[in-house]
Amino acid sequence: MDFVDIVQGGSDSIPPPVDAASIITEAARSAGLLPETLHQTLSTEDLADLADGTLPPEAVTAHARSVAARWGEDRVLDDETELAAAERVRHDPLVDLPLLREDRMFIERCVVGRSDRHDLLTEYRRQWLAAADAEGSEIRRDNAARRAANAWLRSAAACSG
């Protein structure tokens, strides 16, 4: 076999380079994960196999969907705890805030139907945590955080309540 055979795709032709980052990005997107999160769930061996083309893209997509499904059912492996928590926050920024039923009703009234809903919820969380950190009294912490975050949302979303 000579150079012409290789260029024309002969039987021993050099396989095209694998774009592992694109494969991971697409697989993550299909499972609703961040590419960085999916990358961290893959072993060093998996990443090496992906880079050299021996791990097919379909296997990466199947892995991503399996991880997302397990996490959705709260079946998180010990070494995935932090990644799963970060994904939960990304999907629902309010997931671990000590919100009252009234808080949730108010928040929903303010963000329902808005295209910037996730951004508003993410900033609400940031406002809550900043106010909670600034409050010295543990007894007053949740109420201070609630007041600050709700005031911010009321202003930002121009809602009443």
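The values are calculated or read from the model by the stated rules, or taken from the named source; none is laboratory data. If you're wondering where the values come from, they're calculated on a predicted model, not measured in any experiment. Cβ coordinates were reconstructed from backbone atoms using ideal geometry, including for glycine residues, and neighbour counts include every protein chain displayed.
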Answer from R141, R126 - the residue that is exposed (fewer than 14 other Cβ atoms within 10 Å of the Cβ), free of Cβ contacts under 8 Å to residues at least 60 places away in the same chain, among the basic types (K, R) and not in a loop (DSSP other than H, G, I, E, B): R126
Suppose we keep only residues that are closer than 22 Å to D92 by Cβ and of a type in the set (K, R) within segment 115-146. Which one would you say is modelled with the lowest pLDDT? R117
So which helices (runs of 4 or more DSSP H) stay within segment 5-94 end to end and still have 2 or more residues that are modelled with pLDDT of 90 or more and exposed (fewer than 11 other Cβ atoms within 10 Å of the Cβ)? 44-52
Before we move on, is V76 closer than 30 Å to L42 by Cα and not charged (D, E, K, R)? yes
